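Below: one structure, written as structure tokens.
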Amino acid sequence: MPVRRLNHAVLRVTDVARASRFWQEALGMEVVSEVPGASFLRLPASGNHHDLGLFRGRGEPPLPGGIGLYHLAFEVADFDDLVDARSRLAEMGALTGESDHDASLSIYAADPDRIEFEVLWPVPSEHWGSQEGVVRPLDWVAAKQRWSARG
């Protein structure tokens with residue numbers, strides 16, 4: 001039986017309420033359900049019951065680069081949405097990096113428990129180069145000139 005797609009992710013966090021507020025502010029997620037020790041959130045354009053579950057965990061957050069989940073990746077519809085996400089995450093103090101991967105333009109951030117995530121815009125495939133595994137600095141000036149609908 002083939003798997004169609006990843007339906008949702010569940011994270012263990014130190015403070016469910018704080019994490020829920022973070023994801024609402026960072027990506028505009030909506031709370032679908034809350035129970036003691038857990039919160040379930042959905043992205044506004046999603047058809048899922050929930051896209052992210054938050055459960056109260058025990059202990060300290062993992063060390064950066066340690067064993068476990070590396071990051072979650074969220075896709076936006078267009079380049080200007082990526083620009084908006086970058087601004088919002090920078091204002092929140094959550095932005096940790098940005099990269100041009102040739103096939104996508106990406107920003108990286110971390111939640112209050114240092115769980116990393118990516119927000120990406122997939123570059124149309126006819127514009128992909130021939131390199132694989134590209135990671136280079138994202139040139140925002142050039143990218144805005146090429147991809148922004150805002151001019």
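Bear in mind these aren't lab numbers, they're just calculated from the coordinates by the rules spelled out. Quick caveat: nothing in here was measured; it's all calculated off a predicted structure. Please note: Cβ atoms are built from the backbone with ideal geometry, for glycine as well, and neighbour counts cover all protein chains shown.
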Exercise for the section: Rounded to the nearest Å, what's the spacing between the alpha carbon centres of segment 1-65 and segment 89-138? Just the number, please. Expected result: 20
Fill in the blank from the handout: Final fewest-first order of 115, 67 on the 10 Å Cβ neighbour count is 67, 115
Exercise for the section: Compute the Cα gyration tensor for segment 70-151, then decide on rounded, prolate or oblate, letting a ≥ b ≥ c be the square roots of its eigenvalues: rounded whenever a/c is under 1.5, prolate when a/b is larger than b/c in the other cases, and oblate in all that remain. Expected result: oblate
Exercise for the section: Give the order of 1, 29, 92 when sorted by the count of other beta carbons within 10 angstrom, beginning with the fewest. Expected result: 1, 92, 29
Exercise for the section: Quick one: which residues, 5+ away or cross-chain, put their amide H under 5 Å from the amide H of residue 29? H built at 1.01 Å from N. Expected result: 24
Practice task
Measure off 7 Å from each Cα along the Cα-to-Cβ vector at residue 34 and residue 72, then give the distance between these two points in nanometres to one decimal.
Solution key: 1.7
Handout entry: Whole-angstrom Cα spans of the chain along principal axes, big to small
Key = 47, 35, 34
Handout entry: Check: the chain dipole with +1 on Lys, Arg Cβ and -1 on Asp, Glu Cβ, in debye
Key = 360
Handout entry: Theoretical FRET efficiency, 1/(1+(r/R0)^6), r = Cβ-Cβ of residue 49 and residue 81, R0 30 Å, to 0.05
Key = 0.80
Problem - Other-chain or far-sequence residues with amide H under 5 Å of residue 9's (modelled H) - result: 52, 53
Handout entry: Fewest-first sequence of 132, 118, 34 by Cβ atoms within 10 Å of each Cβ
Key = 132, 34, 118
